[in-house]
1. Having 3 or more residues that are free of Cβ contacts under 8 Å to residues at least 60 places away in the same chain and more than 16 Å from the ligand (Cβ to nearest atom) is the bar; report the helices (runs of 4 or more DSSP H) wholly within the range 97-214 that clear it.
2. Confirm whether Pro522 is closer than 30 Å to Leu412 by Cβ and touching an Asp or Glu at 6+ places or on another chain (Cβ under 8 Å).
3. Give the residue, chosen from Thr114, Thr159, that is surrounded by 15 or more Cβ atoms within 10 Å (Cβ to Cβ), closer than 30 Å to Glu348 by Cα and polar (S, T, N, Q).
4. Which one is surrounded by the most Cβ atoms within 10 Å (Cβ to Cβ) among residues in the range 348-399 that are of a type in the set (A, V, I, L, M) and modelled with pLDDT under 90?
5. Kindly indicate which of Phe306, Phe289, Phe241 is surrounded by 12 or more Cβ atoms within 10 Å (Cβ to Cβ) and over 26 Å from the mean Cα position of the chain (by Cα).
6. Which of the residues belonging to the range 550-606 are within 16 Å of the ligand (Cβ to nearest atom), out of contact with any Gly (no Cβ under 6 Å at 6 or more places or on another chain) and of a type in the set (Gly, Ala, Ser)?
7. Is the range 339-347 home to any residue that is within 16 Å of the ligand (Cβ to nearest atom) and surrounded by 15 or more Cβ atoms within 10 Å (Cβ to Cβ)?
Amino acid sequence: MKKNRFKLSDLKGFGQIAPYLKPHKWGFILGIILLSLSGVLTLMVTRLWGQLGGVGVLGESVSSSDSASSGFEAEILQNWNLNDLGTIGIAIAAVLIIQAVLSFIRVFLFADMTEKMMLSMRRDAFEAIVSMPMDFYHDNRVGDLNSRISADITAIQDTFTTTLAELIRQLIIVGGGVAALAYFSVELTLLMLFTLPVVIIVAIFFGKFIKRLSKETQDEIAASNVIVQEVLTGIVNVKAFANEWFERNRYTERVKSVRRLAMKGAMGRGAFASFIILFIFGAITLVMFKGAELMQQGELASEHFFTFLLMTGLVAGSIGGLAAEFGMVQKGLGAVESLMELLKEQREFNDFETEAKPLNLSQNLEFKAVDFHYEQRPDVPVLKNFNLSINEGEQVALVGPSGAGKSTVAALMLRFQNPVNGEIRIGDENVKELDLRSYRKGLAYVPQEVILFGEDIRTNIAYGKIDATDEEVKEAARRAYALEFIEEFPDGFETLVGERGIQLSGGQRQRIAIARAILRDPDILILDEATSALDSVSETEVQKALEELMKGRSTLVIAHRLSTIKKAHKIAVLREGTIVEEGTHDELMALQGAYFNQVKTQEITA
Ligand code: ADP
């Protein structure tokens, strides 16, 4: 009963991995055939060792004339003359050589298959983590996700390269071994088997225990890694607030519970090891005793007694190994499950084979009665009856206090989020109906905090158009007023930036981001103007670069600087998720309302 249930859950886990196994099914089948052969050869060697012992004791085997031996086996022994020590030696050597060759091929086959599977799995996991909707990245802390996926994939890899093969080999040895033992002496075999169910039942409980503990331990390790990652990312805060002790305590709590869980696992494993030693050695002693008795009574040939002893050891060892392998397989299956969970999550899109073609978005854009709240905080409305139109080729400046919902408007335009009510229209289409990636290809986004990839400047600019030529990149840099400073670096466009390279100033980073957007040549532009002050030279350069970028494109600019705002075709003032005023700078100043006050209190920088 129990054994069945255990097997069933195994199969379910493997079912999930079937799509990955399928392309390699022939290699897999061949591997299993080789494994089976190798298991059978192991049993043969054991039989030959037993023969060696029997012949050694008596000078010549008695099995051919012995009543305990069957005609079939006697015939084989006779034909191959396996009653002679030299011949037995040669036979053993031959079997061992064949087994060595088979094992090599088998290991190679399994590794080849597993590595190919791992390639697909790693790629699929990566596809999954880059194709989720934005909310996913808010929910899942990235460090946690990363460490979990790599741990899961390693566990799956172990399962397929070694654990599974070992499991199958040992199952064959146990099955074949028991059959062979029964052939030598039914009575002794029954005695041996009497001890088996106990080991198996304990193994099942142990497997479950290990599976649960290993998941808990992995969760704890992931949680502690998140702390390290957070601390390193926010090291400035940690140091500035002198909170090293606090972080250290937080981390210590986590690793303490890692230790607790790991020790619990170790205790379990220890208890299990003791149990196996006591039980298996006890069983072997019992069998030896009974066998010696049978031999004394002349009911068992001496070489059969030796074979029996060796094979019992082999079978018992394999049963002990089986339990551990089952535990490992369970761990692998846990990993498969958690990886499959990730792969099954709802994605933004699924097609990775084709690069999206940009849509023509040179039309009027309009937010119509949009209501919005974030999924994690449904009770906090962020946008309420939000209406805004951006005419084709015109610049609209969105202004308002922090927390009013400006970035959220940008997120909706980027379709990082979808309106809860209302719609965003482009021309006479609801943007929801447009292919997501083609839509995004038609726009460019310059964020407030520009994050560059740790590669060279050229690659960072070309991110806006992956297949851009050097000429195009250079021209974009020139138009973004970035060419001059880039060419001052000794390595020019090959200069590495970010962690491994030089640190660029805020203004330089922004101009790189602007060059990237210029290269993309979008119909719609979303700009989140930096609030942090730049030195006045950078300021004018960035300003000129922005103007160059915005020329003739429908633009939403989340604006903080009066110079940017004044040049916009329209200013929209956002308060608590609703547009409260709309017009040009002069109109709004004359109105003496929200905008007027914002300028007066210098919330908008001159
Ligand atoms: P602004 O850009 O004008 O400063 P935001 O659009 O960033 O304003 O934020 C508007 C409101 O939405 C704030 O109350 C903020 O706390 C909330 N908010 C922003 N992002 C999220 C998010 N990912 N999940 C939940 N609430 C958010």
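The values are calculated or read from the model by the stated rules, or taken from the named source; none is laboratory data. Please read these numbers as outputs of a predicted model, since none were measured by experiment. Ideal geometry is used to build each Cβ from the backbone, glycine not excepted, and the neighbour counts take in all protein chains shown.
1. Details: elements: 134-139, 142-158, 164-184, 186-193.
It comes to 142-158, 164-184, 186-193.
2. Working: closer than 30 Å to Leu412 by Cβ: yes; touching an Asp or Glu at 6+ places or on another chain (Cβ under 8 Å): no.
Here the answer is no, as Pro522 does not meet what is asked.
3. Values: Thr159 fails: closer than 30 Å to Glu348 by Cα.
Just a single option satisfies the conditions, and that option is Thr114.
4. Residues of the range 348-399 of a type in the set (A, V, I, L, M): 356, 359, 361, 365, 369-370, 380, 382-383, 388, 390, 396-399.
If we keep only those that are modelled with pLDDT under 90 as well, we get 356, 359.
Values: Ala356: 15, Leu359: 20.
Filtering first and then ranking leaves Leu359.
5. Numbers: Phe289 fails: surrounded by 12 or more Cβ atoms within 10 Å (Cβ to Cβ); Phe241 fails: surrounded by 12 or more Cβ atoms within 10 Å (Cβ to Cβ).
Among Phe306, Phe289, Phe241, only Phe306 is surrounded by 12 or more Cβ atoms within 10 Å (Cβ to Cβ) and over 26 Å from the mean Cα position of the chain (by Cα).
6. Those that are within 16 Å of the ligand (Cβ to nearest atom), out of contact with any Gly (no Cβ under 6 Å at 6 or more places or on another chain) and of a type in the set (Gly, Ala, Ser): Ala559, Ala572, Ala594.
7. We begin by selecting, within the range 339-347, every residue within 16 Å of the ligand (Cβ to nearest atom); these are none.
Within the range 339-347 (the criterion being within 16 Å of the ligand (Cβ to nearest atom) and surrounded by 15 or more Cβ atoms within 10 Å (Cβ to Cβ)), the answer is no, since none of the residues qualifies.
Rundown of residues vs (1) surrounded by 20 or more Cβ atoms within 10 Å (Cβ to Cβ); (2) at pLDDT 80 or above; (3) aromatic (Phe, Trp, Tyr), yes/no style:
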| site | (1), (2), (3) |
| --- | --- |
| Ala165 | yes, yes, no |
| Ile168 | no, yes, no |
| Ile173 | yes, yes, no |
| Leu181 | yes, yes, no |
| Leu196 | no, no, no |
| Ile204 | no, no, no |
| Lys215 | no, yes, no |
| Gln218 | yes, yes, no |
